[in-house]
Amino acid sequence: FFDLGQNVIFSGSVQNRELPEWLNAADVFVLPTLSEGNCNAINEAMACGLPVISSNISDIKYQVPEDAGILVDPNDIKLIASAIQKLYTNKQILHTFENNCIRYAKKRNIKSRAKQIIDWVIEKELS
């Protein structure tokens with residue numbers, strides 16, 4: 001482990017079986033990415049009630065509702081930090097996003113996930 005401060009631990013890679021424990025120990029899920037499809041990591045985080053801070057790219061916009069996360073320019077470190085700070089300092093928004101993440105995750109079953117992926121593929125082909 002690398003200690004990056006009082007509230008941050010860099011663990012390196014973790015085994016899949018350990019992911020629920022790590023996700024449930026977190027307050028938010030941050031994934032600035034330049035390119036993504038339908039991201040399993042975001043679905044897993046939302047299923048654990050983690051508000052998402054990620055990229056304002058079309059693929060992520062399609063996956064993360066506005067009331068479940070904050071989407072920013074993935075190249076702008078200040079915007080990413082500001083989003084983290086917003087959720088850290090505003091517990092009401094944090095808890096609202098947590099509840100909404102769980103609500104959305106409960107609606108995502110194998111059929112809804114397949115439909116979401118198919119709709120995403122069709123949208124990509126039409127654009």
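The values are calculated or read from the model by the stated rules, or taken from the named source; none is laboratory data. Keep in mind that this is a model prediction, so the values were computed, not measured. Ideal geometry is used to build each Cβ from the backbone, glycine not excepted, and the neighbour counts take in all protein chains shown. Quick note on the areas: whole protein, heavy atoms, side chains included, nothing else; ligands and nucleic acids left out. Shrake-Rupley method; radii C 1.70, N 1.55, O 1.52, S 1.80 Å.
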Original post:
Averaged per residue, what accessible area in Å² does region 40-127 show with a 1.4 Å probe, protein chains only?
Top reply: 60
Subject >> Phi-based couplings in Hz for region 44-60 (Karplus 6.51, -1.76, 1.60; Gly and Pro marked x) >> reply: 5, 5, 5, 5, 8, x, 8, x, 9, 10, 8, 8, 8, 9, 4, 4, 6
Original post:
By a straight-distance test (C-alpha under 27 Å), which lysines pair with residue 91 as possible cross-link partners, with residues fewer than eight away in the same chain excluded?
Top reply: 61, 78, 106, 107
Original post:
Quick one: Karplus J couplings for region 90-105, per residue in order, coefficients 6.51, -1.76, 1.60, θ = phi - 60°, nearest Hz, x for Gly and Pro?
Top reply: 10, 5, 5, 5, 4, 5, 4, 4, 4, 4, 5, 4, 5, 4, 5, 5
**OP:** Out of all DSSP beta bridges with both ends in the chain, state the antiparallel percent to the nearest 5.
**Re:** 20
Original post:
What relative contact order, as a whole-number percentage, does the chain give when Cα pairs under 8 Å and 6 or more residues apart are counted?
Top reply: 21
Original post:
For the residue pair residue 123 and residue 24, what label-to-label distance in nm results when each label sits 7 Å from Cα along the Cα-to-beta-carbon direction?
Top reply: 3.1
Subject >> Extension gain (nm, one decimal) between residue 102 and residue 116, 0.36 nm per residue minus Cα-Cα >> reply: 3.3 nm
**OP:** Work out from phi, with θ = phi - 60° and the Karplus expression 6.51 cos²θ - 1.76 cosθ + 1.60, the ³J(HN,Hα) of each residue of region 22-33, listed in order in whole Hz, and give x for Gly and Pro.
**Re:** 5, 4, 6, 8, 8, 9, 9, 10, 10, 9, x, 9
**OP:** Measure nothing fancy, just the Cα-based angle from helix 77-89's long axis to the longest principal axis of the chain, in degrees from 0 to 90, nearest 10.
**Re:** 70
Original post:
Using a probe of 1.4 angstrom, how much of the accessible area of the chain is carbon and sulfur, in percent?
Top reply: 55
Original post:
Add -39500 (n - 2.57) for each DSSP H run of 4 or more in the chain, then divide by its residues: what number comes out at 222 nm, to the nearest 500 deg cm²/dmol?
Top reply: -16500 deg cm²/dmol
**OP:** Could you estimate the translational diffusion coefficient of the chain from the Stokes-Einstein equation, with Rh from the Kirkwood formula over C-alpha pairs, at 25 °C and 0.890 mPa s, in whole µm²/s?
**Re:** 159
**OP:** Assuming a ≥ b ≥ c are the square roots of the Cα gyration tensor eigenvalues, decide whether region 1-64 counts as rounded (a/c under 1.5), prolate (otherwise, with a/b larger than b/c) or oblate.
**Re:** prolate
Subject >> About the Cα centre, charge dipole magnitude for the chain (Lys/Arg +1, Asp/Glu -1 at Cβ), debye >> reply: 460
**OP:** First select every other residue whose beta carbon is under 12 angstrom from the beta carbon of residue 26; then total the charges, Lys and Arg +1, Asp and Glu -1.
**Re:** -4
